[in-house]
Amino acid sequence: MQLPIAIMSFDRPHYLERVIHSVLRQTDCSPFEPVFFLFQDGAKSPRTGAMATETTLINRSIDVFKKYFPDGFIVNSDFNLGVAMNFDRAERVLFEDNKFDAAIFLEDDMLLQPHYFSTMGALLNIAFSRDDIGMFSAYGFRNTTPLVEQRARERELCLMDEHNWAFGITREAWAARDKVLRWYLDLISDIDYRTRGDRNPQLRGLQRALGRGGKGYLTSQDSMKNLACEVLGIHRINTFTNNACYIGRVGEHSTEDKFRLGGYANTVLYDRPHVDFDVPSSEALRLQRIGLLNR
């Protein structure tokens, strides 16, 4: 089957090129044939006219993608959409316009191990076989887990944490989630994403209406998508092993201090391909989710 690989990009061409190099090193993409898309955000706010970044960085990012994927598809933007609306655009292009059954989304700050796509192929098959599993990733449970422990627990699957990094999602799960998330996207579609705090009262009200909210619930697009999945009973599975490395020292949601505190420079990467997993029952995943919520 053809599977779109959506690469989300803004103004970090130096990161983007490193990520693309890790994509090109993939050793096995079965059971899918990758089709590469670049969803490039723009520089200028359509509301204020303020420049969110330099146009030269946008152009360099596009040039990097063209260099390595001359036959890839580039979906550009004349204006700055922000993270949430750029993702929304990508999902609609892939699932509504092109009717793909699933997609993998990569941002420009996650380096993949050479076996990442083969692992994701195994997780994709699991998601297709289970109505309660709709999202999947292989970036790992805890980035500093010693390699000996990862090898002992390589068959384990757990839940994704708050980060939706280098993930896949089925069209069915996206369509269900979109019906819940639409309220959130409507609330932030006419403002600059980084100023969404101005709408916190409405966003908190939406969270309460969905039966969640309070401590631990942010208003970022990842957090709201995760909340929507929880409400729907859609599980987001992840490997215990660390098959990708976060490099985002500076970005929309990252700073040097956050990067250091997260220990990302000390990530212990898994060193071999693995595609056989013990898949938890829906009840086991539900209990795991409750445990994460009560931490």
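So here's what we get for this one:
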quantity: Where a residue in segment 246-258 is within 24 Å of Asp192 (Cα to Cα) and its partner, wherever it lies, is among the β-branched types (Val, Ile, Thr) and at pLDDT 90 or above, with Cβ under 8 Å and at least six apart; calculated: Glu252/Val83
quantity: Residue identified as assigned to a loop (DSSP other than H, G, I, E, B) and either farther than 22 Å from Asp132 by Cβ or touching an Asp or Glu at 6+ places or on another chain (Cβ under 6 Å) (or both) among Arg249, Arg260; calculated: Arg249
quantity: Residue identified as free of Cβ contacts under 8 Å to residues at least 60 places away in the same chain, over 27 Å from Arg182 (Cα atoms) and of a type in the set (Phe, Trp, Tyr) among Phe69, Phe141; calculated: Phe69
quantity: Qualifying residue in segment 276-294 (condition: charged (D, E, K, R), more than 17 Å from the chain's Cα centre (by Cα), in a helix (DSSP H, G or I) and under 19 Å from Met8 (Cβ atoms)); calculated: no
quantity: All positions within segment 25-43 that are crowded, with 17+ Cβ neighbours inside 10 Å, of a type outside the set (Phe, Trp, Tyr) and not in a loop (DSSP other than H, G, I, E, B); calculated: Val35, Leu38, Gln40
quantity: Residues of segment 170-200 satisfying the condition of being within 21 Å of Gly121 (Cβ to Cβ) and either out of contact with any helix residue (DSSP H, G or I) (no Cβ under 8 Å at 6 or more places or on another chain) or in a helix (DSSP H, G or I) (or both); calculated: Arg171, Glu172, Ala173, Trp174
quantity: Pairs, first touching a residue at least 12 places away in the same chain (Cβ under 8 Å) in segment 1-27, second acidic (Asp, Glu) and surrounded by 16 or more Cβ atoms within 10 Å (Cβ to Cβ), C-beta under 6 Å, six or more apart; calculated: Met8/Glu107; Ser9/Asp108; Phe10/Asp41; Arg12/Asp108; Tyr15/Asp108; Tyr15/Asp109; Leu16/Asp108; Val19/Asp108
quantity: Residue in segment 205-218 that is in contact with a Lys or Arg (Cβ under 7 Å, 6 or more places away or on another chain) and assigned to a helix (DSSP H, G or I) present; calculated: no
quantity: Test: residue in segment 52-62 that is of a type in the set (D, E, K, R) and either over 14 Å from Met110 (Cα atoms) or free of Cβ contacts under 8 Å to residues at least 24 places away in the same chain (or both); calculated: yes
quantity: Criterion (out of contact with any strand residue (DSSP E or B) (no Cβ under 9 Å at 6 or more places or on another chain), among the aliphatic types (A, V, I, L, M) and closer than 26 Å to Tyr264 by Cβ) met by exactly one of Ala90, Ala52, Ala103, Ala84; calculated: Ala84
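The values are calculated or read from the model by the stated rules, or taken from the named source; none is laboratory data. All values derive from a computational prediction rather than experimental measurement. Every residue, glycine as well, gets a Cβ built from its backbone with ideal geometry; the counts of neighbours run over all protein chains shown.
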